[in-house]
1. In segment 27-40, which residues are among the hydrophobic types (A, V, I, L, M, F, W, C) and surrounded by 15 or more Cβ atoms within 10 Å (Cβ to Cβ)?
2. Just need a number here: residues in segment 51-68 that are surrounded by fewer than 24 Cβ atoms within 10 Å (Cβ to Cβ) and either closer than 13 Å to residue 97 by Cβ or over 45 Å from the mean Cα position of the chain (by Cα) (or both).
3. Is it the case that some residue within segment 271-282 is modelled with pLDDT under 90 and surrounded by 15 or more Cβ atoms within 10 Å (Cβ to Cβ)?
4. Of all residues in segment 233-249, which are of a type outside the set (Gly, Ala, Ser) and over 19 Å from residue 267 (Cβ atoms)?
5. Here are some residues: 88, 114. Which one is of a type in the set (A, V, I, L, M), in the same structural domain as residue 77 (by TED's automatic domain parsing) and part of a helix (DSSP H, G or I)?
6. Without any contact (Cβ under 8 Å) to a residue 12 or more places away in the chain, of a type in the set (Val, Ile, Thr) and either part of a helix (DSSP H, G or I) or more than 19 Å from residue 5 (Cβ to Cβ) (or both): is that true of residue 154 in this structure?
7. Looking at segment 155-162, can you tell me whether even one residue there is at pLDDT 80 or above, assigned by TED's automatic domain parsing to the domain that holds residue 55 and aromatic (Phe, Trp, Tyr)?
8. Please go through segment 358-374 and pick out each residue that is aliphatic (A, V, I, L, M), crowded, with 16+ Cβ neighbours inside 10 Å and touching a Ser or Thr at 6+ places or on another chain (Cβ under 9 Å).
Amino acid sequence: MLFYSATLRRLREGRRRNARQILNGLAFGGLGVGLAIARIQVAPDVYFDARNVPVALIALFEGWTAGLLAAGVVALYRWGWLGGIGTVPGVISVLVVAAVGGLVHWWATRHGRVGTRHAFALGIATFLATLLGYALLGRPGLEKFATTWLYFLIAYVGGIGVLAQLFRDVVEREQLAASQRRFRALLDEASEAIRIVDPGSHRIIETNRADSTLSGCARASLIGRDAREFWPEDADARGRWETLAAEASMAGVAVGFGLPYRAAAGVRSVDLTIRRVVHDGQAYEIVMIRDAGAREALDAARREVLDLRAITLVANAAAHEINNPLTVIVGSIELLQRRLAPDGPENRWIDRAIDSAQRIREIIARMTRITRVEASGAFPGVPAMLDIRRSSDDN
């Protein structure tokens, strides 16, 4: 049984499964030979052995290939070493057991698993196959069987029935272990940090590799830890976590963005999804945690693009609207300057007006070349303003 358990664990899928069937067929065939050698004498020249038990069991759990290989090993021993008039009936009997075991295996797989009825049905069939072997010897064989039938009945019907339950437990335990390994592998391959939490105690039941990376804590130190230890200490920020937990409890799912999260390296921003599930009557919370840094950077870049587009539209419109009347003003000032005396004090005012108009033209030109958003330093009580010089591409 230990050998079979080891092969189940190491040789499960594809070609490995074929290798497992071959290996178990040969091993259980060898076990059948061992039982044949260790036969028990129950009357003068009358012996009893349980060589068909391992053949039937391995055929039941592994199918035709393993069953026929095991039967072949026993048949070779019967043919090559024992000999005698019972050789052919003995070989036929063990081959029939392997064939019936394969049929019962097919029957059991249609129902998903080997059950008690399959095991005891195979036990009865093995008992009848043994009777067939003795019947092929004629009257002497039946007389021998009459003295040993009870032993065969106990060994084959009772033995196969009981041992099959033990083998089934081994198979189901290995299947469960394999499922857990697959679950563990899938969990660790996830890019998001995933936790399975007990909603009553908030204890972490299971976690993955990404969670260890995000939190900065080893998996062993996370298991059994209170998930609330990672909530922030600030009352308002902690209240957001409590609100999400209550929402998940009521609605079954809750989503949060930009939540402060206490990791080993300090507080960081995360996005969170909590989903409550019920399995076998027990409630669990599946918590998926994502570092919000990349999303927040993308959101900031998207906002900047939208701001820049809005500023560019406004700046171009303003430049167009300002430039038209400015042209009229500058032209009028230049005409006025021609009418004034060259040495008059008014020329100084005219020159200042023309210089200011030129500065306005430069500002308008910069407004049409804005490529980024740079705000000027804000003063108390004054909203932040766009720094046109720093925001234009000729800065």
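The values are calculated or read from the model by the stated rules, or taken from the named source; none is laboratory data. Not measured: the values here are computed from a predicted model. A quick note on method: Cβ atoms are made from the backbone with ideal geometry, for glycine too, and the neighbour counts reach across all protein chains shown.
1. 27, 28, 31, 33, 35, 36
2. Residues flagged as surrounded by fewer than 24 Cβ atoms within 10 Å (Cβ to Cβ) and either closer than 13 Å to residue 97 by Cβ or over 45 Å from the mean Cα position of the chain (by Cα) (or both) within segment 51-68 amount to 3.
3. No, segment 271-282 contains no residue that is modelled with pLDDT under 90 and surrounded by 15 or more Cβ atoms within 10 Å (Cβ to Cβ).
4. Passing the criteria: only 247.
5. Testing whether each residue is of a type in the set (A, V, I, L, M), in the same structural domain as residue 77 (by TED's automatic domain parsing) and part of a helix (DSSP H, G or I) leaves just 88.
6. On the way: without any contact (Cβ under 8 Å) to a residue 12 or more places away in the chain: yes; of a type in the set (Val, Ile, Thr): yes; either part of a helix (DSSP H, G or I) or more than 19 Å from residue 5 (Cβ to Cβ) (or both): yes.
It is true that residue 154 is without any contact (Cβ under 8 Å) to a residue 12 or more places away in the chain, of a type in the set (Val, Ile, Thr) and either part of a helix (DSSP H, G or I) or more than 19 Å from residue 5 (Cβ to Cβ) (or both).
7. Going through segment 155-162, the residues at pLDDT 80 or above turn out to be 155-162.
With the extra rule that they be assigned by TED's automatic domain parsing to the domain that holds residue 55, the set shrinks to 155-162.
Next, from what is left, pick out any that are aromatic (Phe, Trp, Tyr): 156.
Scanning segment 155-162, I find at least one residue that is at pLDDT 80 or above, assigned by TED's automatic domain parsing to the domain that holds residue 55 and aromatic (Phe, Trp, Tyr), so the answer is yes.
8. Of everything in segment 358-374, those that are aliphatic (A, V, I, L, M), crowded, with 16+ Cβ neighbours inside 10 Å and touching a Ser or Thr at 6+ places or on another chain (Cβ under 9 Å) turn out to be 367, 370, 373.
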